[in-house]
Each structure stands twice: as structure tokens, then as C-alpha cells.
1. With (1) within 16 Å of the ligand (Cβ to nearest atom); (2) buried (at least 18 other Cβ atoms within 10 Å of the Cβ) as the list, and Trp206 as the residue in question, which single condition is left unmet?
2. In region 100-134, what residues are free of Cβ contacts under 8 Å to residues at least 60 places away in the same chain and either within 14 Å of the ligand (Cβ to nearest atom) or among the polar types (S, T, N, Q) (or both)?
3. Any chance you could count how many residues in region 115-170 are under 30 Å from Leu51 (Cα atoms), acidic (Asp, Glu) and crowded, with 22+ Cβ neighbours inside 10 Å?
4. Give all pairs with beta carbons closer than 6 Å in which a residue from region 52-73 that is surrounded by fewer than 20 Cβ atoms within 10 Å (Cβ to Cβ) meets a residue that is among the β-branched types (Val, Ile, Thr); count only pairs at least 6 apart in sequence or on separate chains.
5. Cβ-Cβ distance below 6 Å, separation of 6 or more or different chains: which pairs start in region 160-175 with a residue that is closer than 17 Å to Ala210 by Cα and modelled with pLDDT of 95 or more and end on one that is charged (D, E, K, R) and surrounded by 23 or more Cβ atoms within 10 Å (Cβ to Cβ)?
6. Could we say that Val207 is assigned to a strand (DSSP E or B) and either in contact with a helix residue (DSSP H, G or I) (Cβ under 9 Å, 6 or more places away or on another chain) or more than 27 Å from Lys47 (Cα to Cα) (or both) here?
7. Which numbered condition trips up Cys161, out of (1) within 16 Å of the ligand (Cβ to nearest atom); (2) assigned to a loop (DSSP other than H, G, I, E, B)?
8. What single numbered condition from (1) outside any loop (DSSP other than H, G, I, E, B); (2) of a type outside the set (Val, Ile, Thr); (3) free of Cβ contacts under 8 Å to residues at least 60 places away in the same chain; (4) surrounded by fewer than 22 Cβ atoms within 10 Å (Cβ to Cβ) fails to hold for Leu228?
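The values are calculated or read from the model by the stated rules, or taken from the named source; none is laboratory data. Model, not experiment: these values are computed from the prediction. Every residue, glycine among them, receives a Cβ derived from its backbone with ideal geometry; neighbour counts consider all protein chains shown.
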Amino acid sequence: MRLKSLFCFCVMLAGFLTASAQTKVIAHRGYWKCEGSAQNSITALQKSGELKVWGSEFDVLMTSDGKLVVNHDDLINGYRIENTKYEKIKDKKMKNGETLPLLEQYLDEGKKYPDLVLVLEIKPHKNKKHEAKAVERIVRMVEEKEMKDQVHYISFSLDACKELVKQAPYAEIAYLNGDLSPKEIEKMGMTGIDYQYKVIDKRPEWVQEAHDLGLTVNVWTVNGTDDLERMIRLGVDYLTTDNPVDALEMVHF
Ligand code: MG
């Protein structure tokens with residue numbers, strides 16, 4: 001009986017070590033929980049690079065006149081970004097005093113950290129034509145900057161994901177909304193699922209199903225120690241977290 005327990009423990013430990021060796025850390029909206037940083041700021045991107053996380057996530061929206069900006073919320077000072085000209089919002093200050101970054105500036109800065117994967121989230125736009133145009137412009141900009149291999153795409157918008165499959169068939173593309181099975185995702189030509197960890201808690205079998213189909217598994221936004229540990233044990237490929245320092249310590253255990 002004791003031998004059996006020891007054996008089980010060893011199997012569990014081996015599983016944990018293997019899984020943790022594979023799990024990579026993505027800083028959610030960059031590494032912002034530190035001095036001088038702010039969510040989605042250029043500084044947060046630089047801090048991710050310095051911290052040597054695997055990836056740094058950020059959010060992109062397109063203004064009415066076609067400027068791509070890095071911002072999480074749809075609204076800035078009450079203006080809906082997709083219906084507003086860049087001129088009206090360009091002076092918006094972030095919490096660390098930086099002004100609203102353009103995608104172009106963000107990519108240029110990201111290029112200085114070639115080992116850092118840039119996880120580009122395309123936010124849902126209400127106008128679907130505008131959203132499709134945003135996808136096209138984003139993809140072309142990434143291509144022109146020769147950053148195809150450094151940028152991965154994610155979106156809650158299924159339309160945006162489908163457009164990405166068309167515009168960037170070579171790219172890593174993951175869907176965020178949690179309502180489609182790995183099989184459905186694979187059929188649509190995407191390369192991964194990126195679901196809230198509570199979805200994966202309810203359907204832990206999706207990790208294996210995704211892997212069997214050759215898809216990657218990312219989970220958001222995993223901040224608590226217990227949640228981080230449980231997701232690492234489940235063998236997810238990526239952890240998206242506001243606490244990248246804690247997560248790095250755990251995956252390097
Ligand atoms: Mg995001």
C-alpha cells in the first residue's frame with residue numbers, strides 16, 4: 001500500500017514537472033503591476049520584455065478614420081473609439097502618464113524584444129465591416145514590419161477570428177469566448193483556444209482534446225496561486241496573468 005502511494009506521488013510529481021516545463025507565461029495587458037507601468041502602456045510591454053515572460057498581451061481597436069490604437073475599453077472619455085476620429089482621443093493619458101499608444105509604436109517597441117511573443121487581441125467592434133477592415137490593417141501592418149512570427153492573434157469576436165484565418169492563414173489564432181469546443185475551433189482553421197480558466201475547470205477534458213487536434217490551450221486571467229497551480233497541472237500551454245512574477249516562479253518550480 002505504501003509503495004503504491006509512493007508510486008502515485010511520483011507519477012503526479014512527474015506529471016506536474018512535465019506540465020510546468022511546458023507551460024508558458026503571458027503578461028495580461030503587459031507587466032503593469034510595477035513601478036511606473038500601466039495596463040497596455042509601452043512601459044508595460046518593455047517590463048514584459050525585461051521580465052523575460054514568454055508573451056505580452058495587449059488590446060487593439062480601430063478609430064473611425066482607420067488609426068489602430070492600443071486600449072482595452074471601447075470608450076475613451078465617453079467617445080466610442082470605433083466611431084471617433086483619432087484626433088479626438090490621441091491625447092488621452094494612461095495611468096502612468098504615457099499617451100495613448102498607436103499599434104505602430106507598440107509593434108516598433110516590441111520588435112526590440114525579439115524573444116517576446118506579442119499576443120495581439122483584436123477587440124470586438126460593433127460595426128462588423130469596420131472590424132473586418134481593422135483585422136486587415138492589423139495583419140498588413142504586422143507583415144510590413146516583418147513581425148509575422150512574433151505576433152499571435154486572439155479575439156472574443158468570432159467574426160474577427162474568421163477574418164484572421166482568411167487574412168493571415170499562417171498565424172497563430174485563438175478564440176477567447178469559451179463557447180466553442182476544440183473540434184469546432186479546429187474546423188474553422190484556428191490554432192488554439194484561449195478560454196477563461198473557469199471554462200477549463202468545467203471542461204478539463206478540452207485540454208487533451210485540443211492537444212489531440214494539434215491546438216494550443218491558453219487560459220485567462222489566472223491570478224491566484226491555487227488557480228495557477230491547477231491550470232499548470234492540467235497541462236495548459238499558456239497562462240495569461242496579471243501576476244507574471246508569481247506565475248514564472250511556479251512554472252520554473
Ligand atoms: Mg485583452
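1. (1)
2. Leu103, Pro124, Asn127
3. The number of residues fulfilling the criteria is 1.
4. What qualifies is Ser64/Thr84.
5. From residues that are closer than 17 Å to Ala210 by Cα and modelled with pLDDT of 95 or more, the pairs are Ala174/Asp194.
6. Numbers: assigned to a strand (DSSP E or B): no; either in contact with a helix residue (DSSP H, G or I) (Cβ under 9 Å, 6 or more places away or on another chain) or more than 27 Å from Lys47 (Cα to Cα) (or both): yes.
Taking the combined requirement at face value, the residue does not satisfy it.
7. (2)
8. (4)
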